[in-house]
1. Please determine whether any residue of segment A:48-58 is at pLDDT 90 or above, part of a helix (DSSP H, G or I) and not aliphatic (A, V, I, L, M).
2. Could you please find all residues in segment A:14-35 being under 17 Å from A:ALA95 (Cβ atoms), crowded, with 20+ Cβ neighbours inside 10 Å and in contact (Cβ under 8 Å) with a residue 60 or more places away in the chain?
3. List, please: which pairs have Cβ atoms under 6 Å, are six or more places apart or on different chains, and start with a residue in segment B:88-110 that is surrounded by 14 or more Cβ atoms within 10 Å (Cβ to Cβ) and end with one that is modelled with pLDDT of 75 or more and in a helix (DSSP H, G or I)?
4. Scan segment B:355-374 residue by residue and report those that are surrounded by 12 or more Cβ atoms within 10 Å (Cβ to Cβ) and in a helix (DSSP H, G or I).
5. Within segment B:1-119, considering only helices (runs of 4 or more DSSP H) that don't extend past its boundaries, which have at least 1 residues that are more than 30 Å from B:PHE204 (Cα to Cα) and assigned by TED's automatic domain parsing to the domain that holds B:ASP141?
6. Report yes if B:PHE204 is assigned by TED's automatic domain parsing to the domain that holds B:ALA240 and over 16 Å from the mean Cα position of the chain (by Cα), otherwise no.
7. Being over 23 Å from the mean Cα position of the chain (by Cα), more than 14 Å from every other protein chain (Cβ to nearest Cβ), of a type outside the set (D, E, K, R) and surrounded by 15 or more Cβ atoms within 10 Å (Cβ to Cβ): is that true of A:THR206 here?
8. Please pick out the residue among A:ILE109, A:ILE76 that is in contact with a helix residue (DSSP H, G or I) (Cβ under 7 Å, 6 or more places away or on another chain), within 19 Å of A:TYR266 (Cβ to Cβ) and in a strand (DSSP E or B).
Amino acid sequence: MKKFIRKILFLLLLFFVIIQIPKWVLPPFWGNEIYDKKLNHLKESGQKYNTFFIGTSRVNNGIIPKTFDAEFNGNIKTFNLGAPGSSGLENIELAKYLMEHKTLNVKNIFIELPSLELHGDENRVSLRGRYYYDLNMYSFSLKKIFKSSKTFKEKYQLWSEHTRLIIENAFSISIFDDMLKYLFSSQSSGQQFANNKGYRALYINTKKENDLARRKAFLADKTILTKRRKSAERIFNQAKYPKDEFVIKTFEQLIDKAEEQNIRLYFVLYPKAAEAIYEKSRQVSSKKIKAHVINLASPKKYDDFYKKEYSFDRAHLNHKGAKLLTKACAREFKKIK
Amino acid sequence: MLFNSLEFCLFLPIVFLLYWFVFQKDVKIQNILIVAASYLFYGWWDWRFLSLIIFSSFIDYGLGVQLGKTENQRRRKLLLWISMLINLGFLGVFKYYNFFADSFADLLQSVGMNADFATLNILLPVGISFYTFQTMSYTIDVYRRKLEPTKDIFAFFAFVSFFPQLVAGPIERAKNLLPQFYTQRHFDHDKAVDGMRQILWGFFKKIVIADSCAVYVNVIFADSAELSGGILLLGAILFAFQIYGDFSGYSDIAIGTARLFGFNLMRNFAYPYFSRDIAEFWRRWHISLSSWFKDYVYIPLGGSRGGKLMQLRNVFAIFLISGFWHGANWTFIVWGGLNALYFIPQMLLKTNRNNLAIVAQESALPSIKEIFQILITFLLTCLAWVFFRAPSVKDALIYIGNMFTVGDGGFQTYIRTLKLSGNHLIGVAGLILLLIIVEWIQRRKEHGLEDIKWPQPLRWTVYIGLTMLILYHFGDSSQFIYFQF
């Protein structure tokens, strides 16, 4: 019996070691094509940029580096690292990566105020939703779950989801083929992701099939902008929100880490996000964090972002709106300065 | 719980360690652990349906005890009928009610009468046909006095619910499995190692072969009305490998898992695609079901005794019932009927027992004649599989009709529309070829990895290589086809 178990354990260990080899070779953000290509571009650019915007498509389609730089007389060199569908956990990792990467000249990081939850079911099983998930993130997630005020059943559910993910990732289950494909297929240069310093404009007269579909759906729904504005108003007008102490602590640690390296770190709230994102943002309020938040989402202050004229679809601004947003962001940043 | 799930990867070692390290001293406690683990395994899918297994187990256990107590033939027959009515009643309600209601309504409509039977929104309990047949075999054997009724309730409950084979077989005979629950099990290193190899081979067949073929099969069968010629033939051939990889893979995992716990389950597949005629195919495909029908339906009906008409009736009966067992759809009945038609000429010519031993028993390669026979048999089964896979008889007929049209049906364009490269299909063909070569070499053994005598480093390289192939394909893995039966 013992011989049998020894053999199985040894085989498992051997297998585990072999399966790790691709992970040692792969770049850190290999599973997110946009991050991967943009980081490659940064490596090639040396110390050309000093300011980085991290976040989802709201950043990718909303922040124009050229416009932002123009507000600062050449002191700021911006690169947009936004990637559609990226998760909050992934973005925090990217921010840490930038801070730790000494060959880059990082002065400012603007990170879309992230929700530190796992992706929904659909995304979680996809490569994009999980490739970055490691032991550190697992322990981080478990702490968050057990310190939260969720019910026992909810905690169990979340624990099992995270545990499944870490086991699957440890053994590269379901992503092994993607790893090999990455390693053995010729990678495209991905120059399109680095064009316009990482910004991707959404034009209202677009001919791109995917963009067109979203645009059509938006135009067909006459009430969506009003709904988004109202939900944002309701959340930002509500005086009190319960605090998520664990996320507060995490964000504060990130701020401290940035300060240690003389990097200025800001959490940005972008307009037209879903209700749940704003609700979460209200739960991470502390004196320290408040000083590092740039809120561009409040309809009271930025009503234009909720107007059709500046919108591409229900959640994104068009190119005209992006110009407005970038300038607003620069103004807020100057105020902090 | 699926074998190809993370839950099972955690469940199996936990149960294994408890079984051999904590409860190894007392066979009764081990049986209770098996029952508990099996109910957890089944309840993971839907705990409500556990009540069916528990009820069915109680009924057959109780009837068995009663059968053991009485010599009165009328009373014994009554007890047997009660068991049949309850077990087949469950099957009838959960599996066949809607089919009968719809078919009867269609029949009445065809003679100008209108009938509107309420069809019920019934969820088919996973594996009901498997465990029902298993419990029935116990009661029938006790009734026939071929088996002593058990008084050990935990052994009986473990026999009915034994998790490796609970949801998709092999359908065990009480005579073989039940006595194994009475005796102390001792860990046998060689048996456990062989079990692990068989599990590995089963996963390879399911996740690598079956699920890779499924990618093509699903779309080709869905668009069969628009396609023609070569691509439809390819779809039928790939389905033949899909269903084989899926079901025989499950059986290998089940048998291998049982071996880890010291049990021997019956063989369910014996390289059926190397058969030289249909009779041989049916001796090698889903052996536990074929032999169940032979023992409990075919022989009681008279088997091959009696006149030609009687024999014909018996052959048709067993194939049609076997088809119907697979599902409440006319497609399965036609599939069974077609196989009966394939079989009958052999029966009439008395050639159905010509090929009892495995092909090329004494040589490395088959003769030209044998290759020809194997190919013909394989193509005939592929044709029948079209009925098994198609959603309706009409769709199957259209599929077969289009299969004989000339042209490749825009094969290249079609493959491109699947967003798969030509290399992907070549890769799948390569994997199928690997399966055929390994199984050909191992055809005198029970499974593809049994008793390989290579040096350890080479053996371990094969294990790790196969595991990597399995991992490579794991993302597309799906439920086993036979769960629905």
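The values are calculated or read from the model by the stated rules, or taken from the named source; none is laboratory data. Please read these numbers as outputs of a predicted model, since none were measured by experiment. Counting neighbours? That spans all protein chains shown, and the Cβs are built from the backbone with ideal geometry, glycine included.
1. Yes, segment A:48-58 contains a residue that is at pLDDT 90 or above, part of a helix (DSSP H, G or I) and not aliphatic (A, V, I, L, M).
2. Scanning segment A:14-35 gives A:PHE29, A:ASN32, A:ILE34.
3. Every condition considered, the pairs that remain are B:LEU91/B:THR132; B:PHE94/B:ILE128.
4. Those that are surrounded by 12 or more Cβ atoms within 10 Å (Cβ to Cβ) and in a helix (DSSP H, G or I): B:GLU370, B:ILE371, B:PHE372, B:GLN373, B:ILE374.
5. Counting at least 1 such residues, we get B:27-46, B:50-69, B:73-91, B:97-110.
6. Numbers: assigned by TED's automatic domain parsing to the domain that holds B:ALA240: yes; over 16 Å from the mean Cα position of the chain (by Cα): yes.
Spelling it out, B:PHE204 is indeed assigned by TED's automatic domain parsing to the domain that holds B:ALA240 and over 16 Å from the mean Cα position of the chain (by Cα).
7. Values: over 23 Å from the mean Cα position of the chain (by Cα): yes; more than 14 Å from every other protein chain (Cβ to nearest Cβ): yes; of a type outside the set (D, E, K, R): yes; surrounded by 15 or more Cβ atoms within 10 Å (Cβ to Cβ): yes.
In short, yes.
8. Working: A:ILE76 fails: in a strand (DSSP E or B).
A:ILE109 is the lone residue from the list that is in contact with a helix residue (DSSP H, G or I) (Cβ under 7 Å, 6 or more places away or on another chain), within 19 Å of A:TYR266 (Cβ to Cβ) and in a strand (DSSP E or B).
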